[in-house]
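Bear in mind that the values in this text are calculations on the coordinates, not laboratory data. Nothing here was measured: the structure is a model prediction, and the numbers come from that model. Neighbour counts are summed over all protein chains in view; Cβ atoms, including those assigned to glycine, are modelled from backbone coordinates with ideal geometry.
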Amino acid sequence: MESVLRNQKAALYIELADEYLRQLGYTEHGIRHVKIVASSAYHILKKLGFGEKETELAALAGLLHDVGNLAGRHEHHRMGALLAKEVLEELGYDLRDTATVMTAIVVHDESEGVIPSPVAAALIIADKADVHRSRVRKVNDIKGDIHDRVNFAATESDLNIDPAARIITLNLVIDTRISHVIEYFEIFLTRMKGCREAARRLESEFQLFINGLRMA
């Protein structure tokens with residue numbers, strides 16, 4: 001994972017992708033986000049007993065999953081796969097491992113509908129679980145954007161993996177003075193369904209708790 005962060009091309013792609021989304025008014029998708037996603041994807045597979053190869057590939061996919069945003073939000077997952085290929089080839093990864101990461105990046109977009117590998121499943125859950133106020137850029141102007149409101153309202157976000165029960169749990173604390181829980185589901189319902197499908201691919205169950213109450 002550290003080799004990717006030290007790679008000049010990867011670092012630039014992550015920076016430019018986040019800057020483009022900043023100009024579009026999106027929440028943070030830069031180094032903070034990708035490091036959290038990479039770490040979460042790694043630990044999901046690690047705790048569920050997957051081998052070092054798959055856990056490493058999940059971390060790589062987490063670091064590079066959003067680089068395609070530098071060429072525009074539309075189809076960013078497909079462009080991201082191609083840019084990730086450049087980086088991983090430069091770093092000397094073999095073709096099969098590179099292809100596994102590429103496919104995971106493509107299918108992290110919930111519209112794809114197929115989850116072909118544990119690496120892809122871990123990436124989906126890790127990416128969708130990063131809901132937190134630290135992602136909000138315009139903290140003084142959150143009323144007009146539901147994504148900003150929901151993320152800013154999320155004061156705590158904790159992803160837990162129970163390997164014995166094979167349960168993956170996302171625990172959120174949402175300040176309802178800032179955003180009602182229903183707003184979370186307005187923008188994240190499809191993503192949570194994707195997490196359930198991803199957990200099934202890992203022979204596990206996905207659960208969502210908000211303010212101590214189980215929602216899924």
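Some values worked out for this structure:
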| item | result |
| --- | --- |
| Normalised per residue, the volume of the convex hull around the Cα set of the chain (Å³) | 107 |
| Ranked packing of 36-43, 150-157, most packed first, by mean Cβ within 10 Å | 36-43, 150-157 |
| Relative contact order %, the chain, counting alpha carbon pairs below 8 Å whose residues are six or more apart | 17 |
| Convex hull per residue volume in Å³, alpha carbons only, for the stretch 131-216 | 87 |
| Footprinting exposure proxy for Lys9, Lys128 (fewest neighbouring C-beta atoms within 10 Å first) | Lys9, Lys128 |
| At most 13 other Cβ within 10 Å, DSSP loop - trypsin sites (Lys or Arg not before Pro), the stretch 156-201 | Arg177 |
| Cα-Cα over 30 Å, subset of Lys47/Lys85; Lys47/Lys143; Lys9/Lys193 | Lys47/Lys143; Lys9/Lys193 |
